[in-house]
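**Q** Encoded as structure tokens, here's the structure I'll be asking about.
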Amino acid sequence: MKLFGHKLTVSAAFGMAVIALFVIVSLFTPWLAPFPESANVGGTWDEPSMTMWFGGDQIGRDMLTRMMYGARMTIGVALAITSLSFLIGILSGFVSAVVGSWVDIFFSRLVDVMLSIPGLIFALIILGVFGSSIPVLILTIAVLDSTRVFRLARALGINLTVMEYVEAARLRGEGLWWVITREILPNAWAPLVSEFGLRFCFNFLFIAGLSFLGLGIQPPYADLGGMVRENAAAINFGMMAPIYPATAIALLTVSVNLVVDWMLSIDARPSGAQAEL
Amino acid sequence: MEEQVILHIKGLCLGSVAGNVIVDNVDLRLNKGEVLGLIGESGAGKSTIGLASMCYARAGVHIAGGEVVLDGVNIRSLDAEGRRDMRGKRIAYIAQSAAAAFNPAHSLMDQVCEAPLLHGLMTRSEAQAWARELFAALDLPDPENFGSRYPHQVSGGQLQRAMAAMAMSCRPDVLVLDEPTTALDVTTQIEVLILLKSLIRQYNTAALYITHDLAVVAQVADRIKVLRHGKEVEEGETNQILHHASKDYTARLVAVRGAAASERAIAATVKETTVLSIDDCHAYYGDFHVVRGVSLDVKLGETVAVVGESGSGKSTLARVITGLLAPRSGNIVFQGQALPKSLGERSKELKRRIQLVYQIPDVAINPRQSLLEIIGRPVQFYFGAGRAEMLARAKELMALVELPVEYLERRPGQLSGGQKQRVCIARALAAKPDLIILDEPTSALDPLVAEEILTLLRKLQRELGLSYVLITHDLDVVHRIAHRTAVMLQGQFVAFDKTDNIFDRPEHPYTQKLITAVPEMRVDWLDEVLEKRRLAAA
Amino acid sequence: MAKLILNRFLLGLLTLFAVSVLIFVCTEILPGDVASAVLGMGATPEALVIFRKELGLDVPAYLRYWNWLVGALHGDLGVALTNKRVIIDEIMPRLGNTLFLAGYAALVAIPLAVGLGILAAINEGKLTDKLANISTLIAISLPEFFIAYLLIIFMAVNVDWFPSLSTVYKGMPFSERVYQTTLPAITLTLLVAAHMLRMTRSSVLAVMSTPYIEMAFLKGARRKRVIVRHALPNAAAPIITVIALNMAYLVVGVVVIEAVFVYPGLGQLMVDAVSKRDVPVIQACGLVFATVFVTLNTLADILVIVVNPRLRHKR
């Protein structure tokens, strides 16, 4: 089967199907969820049944409903983070690459210092001071993540800036905006799109991890990481309650990674290791 | 010469993993001690055949069929160990780029001795002694200790010779030389060519000499085989191919070089007015003094060539003229007015009137834009043209560079190298410039295609009254198209005169060295050069 | 080369300095100030003033930073806001625990990942490689707590091989300590090894595509020789960089794993401090983590310099 003119693998198809499922569920949650978001419909950690497909959570709400709302929240936040991070990273990265001189030095040094602190630690520091409201979470993680995007965009930009067609545009006297949007960006799409997928996964896991630690998305908002935390005690009784939201997280991340892997393998050339001897 | 066949390739078929045919049913016979030249343009499959004669195919390429018989044994039918055994020992490879073929982590001696040691042919001390002998034979400095150096510590030409030593280390029956001198300067090329030829003759090694340069291969090869698109076109003794080619394609390849003998720049295009005048220009890269006091002038309708080898500063001079590098001192006058030194200071109008055509068309045009966008943008940008006007002008330009108008919707990826270069020229013309700087415009193109581009450039000069500054290292091109020529060495002009004077009566020793280093299309040229040197030294 | 090493070392020190400034700036720039944030809305003006004086907030920022830094260099990281404990006494044992756990995981993960990564690269396209690819892809997609809980379920709750909570204390016998930390170490190992394997693989693949590798094959060298003598010496530098990069993943993973297993490490301390908004502790933990991280990176960069053949044999 072909998609966009490239051969589709089983794993990539699987990944796309799962992503589509999550997207639909997240967009139409209020209409698709079996119960209202915070309704108490059963007992603590009820076994899965016909009405409650994944059983009950720690205070008797329907696990499936909570997971759907949780997915909607976590995906939404992760998407917002990644989009903001890309906006910041690409702009600063390309401008640094094209303009060079002190702009480049300033941003590069700043990013170097920021990358010298492990991301989680830095996030914890900021959250510890400013609190864990959703805007703070989005802004903090986005700024932190933009450092990685900056590095990639800058590297891409530098590779492309030395191309003669970029020089030709500058010789003409084209402005910075033209050079970035018409000469560089169209040629940087492919690696940026796959990077978007990878960063989304990372941010998705990151926010889930923070929520798991109790420092991410705060109740009463449902979110997948928080749900794992809330239901964690069930493990000691041999019950699978926290596993369901955790699996949901894992499933989406695996799927996005499978699709990104497929995208990257399209352009990949066989390496020297495959020479015929 | 014995008539014993050392290498016999029968019906060789090579394809890509994707299914394309790279080499189609090629036969090849190489006798002991003989040199066979494999000639072809890019994409002819000559490198692939060279590697396949060692039963090796790069990733993505697959040997689909045929036999490779080395000294009576079909090595394709051997198992992996058998094939591995003869590589380096019976048949050795000399790559195009020596810098890439050496491992930066090991010394040169280690790598030169590696083959005989792993094949169990010599002990370490024997291998090292033999290596030193080869270093001396190849005229490398301090042959006793040269081997202890690392690849990054020696020059390109020395590294190429070290690679020749590495190939000869097992005294193989066959040498495969894959464009061994293509990446070298003209003056270095001739030295390496002489050494290679003497090495081959001395040890009576058979050789496959792969190149696209007929004049070079004519000096070394006994027979020549011409390839095109993976198929054989013609084969014969060198003299026969050069003077009595039976196929049209071969004749055209020969004629391209030969044309240099007759064609000259058209004097009638040159007018009196001076378009560009540079006076005592000095330019630096940081502290490095690259352009040292260059003075140059270009008249209306004239082509002035700046010739030099790598490191001469000619490309830097081009950057100075376009304003990408501001000179530290010196004056540039364009159309009677002082030209601001850096690009930022120049007006749009001034930028419009000086245009640049690059060497490698693949990176000179944006692969994501259509031809209409590429050619039309200067029209829009400089003249404020609307959509309709831009389209009309683009069609005119396509006609000027002899490209079909339908191509306007295409993207560069769908064009050949020569077509892309035409697009570059069209883009330059779109600005209606007075002066075009051509930076090695044909160096990256195949000889036949380069031919067409040169013809186009001459035609455009005649019709539009353009002035050209031609930067190149290719003396043949200069001889055919330039009215005046400047010879550049280490940042300075050693000569600046009418082209005919430069070529017929070279005064400066470097100019003489340069002119005499260009191979001519006859078999005994190299021997003549050697003879002249011997007489001069005596 | 010695000059390059010295430069890199100095750069490391400079980075540490810059990082300390950054940490300080982040924690001290508040809408409002620490006092009102901690004491809450209902605090009286007098209480705020006393609090500020206690924290030394009445002194200008750069002086506060200087005091803090000097104190830190002397081993005095101040006193916790919440329970008035001396921070350095809290940190030291916990830092030891965290480093033990991280070291345990690194010891297993690095040889495993690098070895398998090289193996996968050599067999590119074959079954070994495809298996490695898909399994590591899944592993890096799973959240740490997921792996941790799975392991707990299968190794601690269903069968009684390992404890589900890792309690360690000072003076514990070494073997007991190893036993208690095995489950969290396995979790960390799985996480980090997957990342390292993928990166090692692509680094080795990049080296395998170089022309000098082709030349070695054309000289008739066997595959094993080409890999060991030609590819690996040149892959050493990128692999060292990969390992250093993954030490960062280790730090991130450690924090979450400590939470799952209730392991008394530095990560736990920091997470607690963040939820209680205990600023001095947050600053101190952040500084310690960052110092470890910068030190590891500097070491790795210096190793890369030492391993570079162009730098060992100058022109």
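Readers should treat all values here as calculations from the given coordinates under stated rules, not as data from a laboratory. Source: prediction; values computed, not measured. Using ideal geometry, Cβ is built from the backbone for each residue, glycine included, and neighbour counts are taken over all protein chains shown.
**Q** Please label the shape of chain C as rounded, prolate or oblate, based on the square roots a ≥ b ≥ c of the eigenvalues of the alpha-carbon gyration tensor (a/c under 1.5 means rounded; beyond that, a/b larger than b/c means prolate, else oblate).
**A** Taking the square roots of the gyration eigenvalues as a ≥ b ≥ c, chain C is oblate.
**Q** Sorting check: for B:409-419, C:105-115, which peptide has the highest mean count of neighbouring beta carbons within 10 Å, and how do the rest follow?
**A** Listed from highest to lowest mean packing, they are C:105-115, B:409-419.
**Q** Separate question: Between B:Leu535 and B:Ser329, how many nm apart are label points set 7 Å from Cα along the C-beta direction?
**A** Distance between label points: 4.6 nm.
**Q** Let me know the shape class of the range B:172-284, please: from the alpha-carbon gyration tensor, a ≥ b ≥ c as square roots of the eigenvalues, rounded when a/c is under 1.5, otherwise prolate if a/b is greater than b/c, or oblate.
**A** Here the range B:172-284 falls in the oblate category.
**Q** Moving on to the next point. For the peptides A:144-156, C:219-231, B:138-150, A:116-128, what is the packing order when you average, over each peptide's residues, the other Cβ atoms within 10 Å and list the highest mean first?
**A** A:116-128, A:144-156, C:219-231, B:138-150
**Q** So for the protein assembly as shown: antiparallel DSSP bridges make up what percent, rounded to the nearest 5?
**A** 55 percent
**Q** Can you compute the charge dipole magnitude of the protein assembly as shown about its Cα centre, using +1 on each Lys and Arg Cβ and -1 on each Asp and Glu Cβ, nothing else charged? Give it in debye, rounded to the nearest 20.
**A** Charge dipole of the protein assembly as shown: 480 debye, to the nearest 20.
**Q** What is the diffusion coefficient of the protein assembly as shown in µm²/s, taking the Kirkwood radius over Cα pairs and the Stokes-Einstein relation at 4 °C with a viscosity of 1.567 mPa s?
**A** 38 µm²/s
**Q** Sticking with this one: Would you tell me the mean number of C-beta atoms belonging to other protein chains that fall within 10 Å of each C-beta in A:158-170, as a whole number?
**A** Average neighbour count from other chains, rounded to a whole number: 5.
**Q** Can you bin the range B:43-186 into rounded, prolate or oblate? Criterion: square roots of the alpha carbon gyration tensor eigenvalues sorted a ≥ b ≥ c, rounded for a/c under 1.5, prolate for a/b above b/c, oblate for the rest.
**A** It is oblate, given that a/c is not under 1.5 and a/b is not larger than b/c.
**Q** I'd like to compare B:72-81, C:16-25: which one has the highest average count of other Cβ atoms within 10 Å, and what's the full order after that?
**A** C:16-25, B:72-81
**Q** In terms of Cα to Cα distance under 20 Å, which lysines are near enough to B:Lys271, apart from those fewer than 8 places away along the same chain?
**A** Cα-Cα hits under 20 Å: B:Lys299, B:Lys432, B:Lys459, B:Lys498.
**Q** Go ahead and run the numbers for FRET between C:Glu176 and A:Leu21, Cβ-Cβ distance against an R0 of 41 Å, rounding to 0.05.
**A** 0.30
**Q** Could I ask something else about it? Going through the cross-link list B:Lys314/C:Lys3; A:Lys7/B:Lys225; B:Lys89/B:Lys420; B:Lys247/B:Lys420, which pairs have a Cα-Cα distance over 32 Å in this structure?
**A** Long pairs (Cα-Cα over 32 Å): B:Lys314/C:Lys3; A:Lys7/B:Lys225; B:Lys89/B:Lys420.
**Q** Above 26 angstrom, tally the Cα pairs of the range A:120-236 and express them as a % of all pairs, no decimals.
**A** More than 26 Å apart: 42 percent of the Cα pairs in the range A:120-236.
**Q** Determine the percent antiparallel among the DSSP beta bridges restricted to chain B, to the nearest 5.
**A** 55 percent
**Q** Residues in the range B:17-57 near a label at B:Ala100, defined as backbone nitrogen under 14 Å from the 7 Å Cα→Cβ point?
**A** B:47-48
**Q** So the label point goes 7 Å from the Cα of B:Asn74 along Cα→C-beta, right? Which residues of the range B:1-45 then have their backbone N under 17 Å from it?
**A** B:7-14, B:25-29
**Q** Treat each spin label as a single point 7 Å out from the Cα along the C-beta direction, and report the C:Asn7 to B:Lys498 distance in nm.
**A** 5.5 nm
**Q** Reachable aspartates and glutamates from B:Lys32, Cα under 14 Å, same-chain residues fewer than 8 places away excluded?
**A** Result set, ordered by chain and number: B:Glu2, B:Glu3, B:Asp71, B:Asp173, B:Asp222.
**Q** What lysines does C:Lys276 reach when the alpha-carbon gap must be under 18 Å and sequence neighbours fewer than 8 apart in one chain are set aside?
**A** Candidates past the 8-residue exclusion: C:Lys84.
**Q** Roughly how crowded by other chains is peptide B:101-111, in terms of the mean Cβ count from those chains within 10 Å of each of its Cβ atoms?
**A** 5
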